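Reading through the structure tokens given below for one structure.
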Amino acid sequence: EFTQYDKPRFWHSQAGVDHSVPPPWTPVESSGGVARVWGREYRFGTRILPQQIVNQGAEMLAGPVRLLLRAADQQVDLAALSANDGPSAPDAAARSGTAQIGPLTVHCRTSTEFDGLQRYDVQFTPAGEARIDSLVLEVPVKREFARFLLPSSGRFAAASELTADGWASAFVPQVGAGNDDIGLAWWAESDQYWKPQDEQMLQVAVEDEVATIRAAIVREPLTVNHPIAYLFGLMATP
């Protein structure tokens, strides 16, 4: 014998699968190379990754975000790829761009969500076999907005004051920099296809009035014979 209970209230619920924005958030506004959400602007210009991030009226970056690829005897800043607006809805606005680097086809997609989270999907598709010599993301933050550092394992996080010596670590899914009021967090869900996996995978380098968050994704040659993808992003807080 068994008891057949009634279906729960959430059975076949469509909550969360539409494109509505829950209050008090406001819909994403995307036009003229700028994505706007509550309190923040991600300024792209023609680029696929931001050239400036404005948080509560303050410009946080000391320079454009860079995604430096070295492959096929070329060095390319993928962040500067020319981007086209993609599908947009109240809860997210997308941009995408494609480049051919020797035998590698690179497709980048940026999504800005209503709460301010930016997601970057970068896919490499080789024609046969190809090699990625290096791939490094650099986010130069003005020092005034990087007084504190907050790395997080997802289970534990401990804030510290960022010193002139900087910081380095093995992979963790989030690294945030900020002051008492605002901040900027880098995030990723996985270190798949990162090479090498050591204590220098993530870095924050301090030089003069700039603190550069650096994700050293590939620092040793990586042979690619099938499509691979990297997923990471940024979020200006609060």
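The values are calculated or read from the model by the stated rules, or taken from the named source; none is laboratory data. Everything numeric in this text was worked out from a predicted model, so none of it was measured. Don't worry about glycine lacking a Cβ; one is built from the backbone with ideal geometry, like all the others, and counts go over all protein chains shown. Keep in mind that these areas ignore ligands, DNA and RNA; they rest on the heavy atoms of the full protein, side chains included. Shrake-Rupley method; radii C 1.70, N 1.55, O 1.52, S 1.80 Å.
Roll a 1.4 angstrom probe over the protein heavy atoms and tell me the percent of accessible area of segment 79-238 that is carbon or sulfur.
47 percent
Sequence-distant or interchain residues sharing an amide H contact under 5 Å with GLY166, placed H: which?
Here VAL206 satisfy the definition.
Enumerate by residue number the trypsin sites (Lys or Arg not before Pro) in segment 2-63 meeting two conditions: DSSP loop (anything except H, G, I, E, B), and at most 11 other Cβ atoms within 10 Å of the site's Cβ.
ARG9
If one computes the Cα centroid of segment 82-152 and of segment 11-56, what distance in Å separates the two points?
What the calculation gives is 15 Å, centre to centre.
Would you kindly calculate the mean projected area, averaged across all directions, of the convex hull enclosing the Cα atoms of the chain, in square nanometres?
17.3 nm²
Pop a pseudo-label 7 angstrom from the Cα along the beta-carbon direction at both TYR193 and GLN4 and give the gap in nm to one decimal.
Placing both labels 7 Å along Cα→Cβ, they lie 4.8 nm apart.
Amide H to amide H, which residues 5 or more places from ALA62 or on other chains are under 5 Å from it, using H placed in the peptide plane?
Amide H neighbours of ALA62, under 5 Å, 5+ apart: VAL141, LYS142.
In 10 Å bins starting at 0, how do the alpha-carbon pair distances of segment 1-137 split up by percent?
Pairs per bin, as whole percents: 11, 33, 25, 16, 9, 4, 1, 0.
Using a 10 angstrom Cβ neighbour count of at most 10 plus a DSSP loop assignment to flag exposed chymotrypsin sites (Phe, Trp or Tyr not before Pro), which longest range of the chain is free of such sites?
It works out to 12-155.
For the chain, modelled as a Gaussian network with Cα springs under 10 Å, which listed residue fluctuates most, ALA15, ALA127, ALA146?
Residue with maximal mean-square fluctuation among ALA15, ALA127, ALA146: ALA15.
Rolling a 1.4 angstrom probe over the protein chains, ignoring ligands and nucleic acids, what is the accessible area of LYS7 in square angstrom, nearest 10?
Only protein atoms counted, so the area is about 120 Å².
Output needed: percent of Cα pairs per 10 Å distance bin for segment 194-238, bins running from 0 to the one holding the longest distance.
The calculated distribution, bin by bin, is 20, 42, 29, 8, 1.
Just to be sure I understand the curve: with the Debye formula and one point per C-alpha of segment 60-114, what is log10 I(q)/I(0) at q = 0.23, 0.29, 0.30 Å⁻¹?
-0.94, -1.13, -1.16
How big, on average over all directions, is the shadow cast by the Cα convex hull of segment 131-191, in nm²?
One quarter of the hull surface, i.e. the mean projection, equals 5.2 nm².
Just the number: Rg to Rh for segment 120-238, Cα atoms, Kirkwood Rh, two decimals.
Reported Rg/Rh, Kirkwood definition of Rh: 1.01.
Counting heavy atoms of the protein chains only and a 1.4 Å probe, report the per residue accessible area for the chain as a whole number of Å².
Solvent-accessible surface per residue comes out at 52 Å².
Evaluate the relative contact order of the chain (contact order divided by residue number), counting alpha-carbon pairs under 8 angstrom at least 6 apart; express in whole percent.
After rounding, I find 18 percent.
Along segment 199-216, what does the Karplus equation 6.51 cos²θ - 1.76 cosθ + 1.60 (θ = phi - 60°) give for ³J(HN,Hα), rounded to whole Hz, x for Gly and Pro?
8, 10, 5, 10, 9, 10, 9, 10, 9, 6, 9, 10, 10, 9, 7, 10, 9, 8
Which residues make up the longest stretch of the chain clear of GluC sites (Glu not before Pro) that lie in a DSSP loop with no more than 15 other Cβ atoms within 10 Å, not counting the sites?
With a cap of 15 other Cβ atoms within 10 Å, the longest stretch comes to 2-128.
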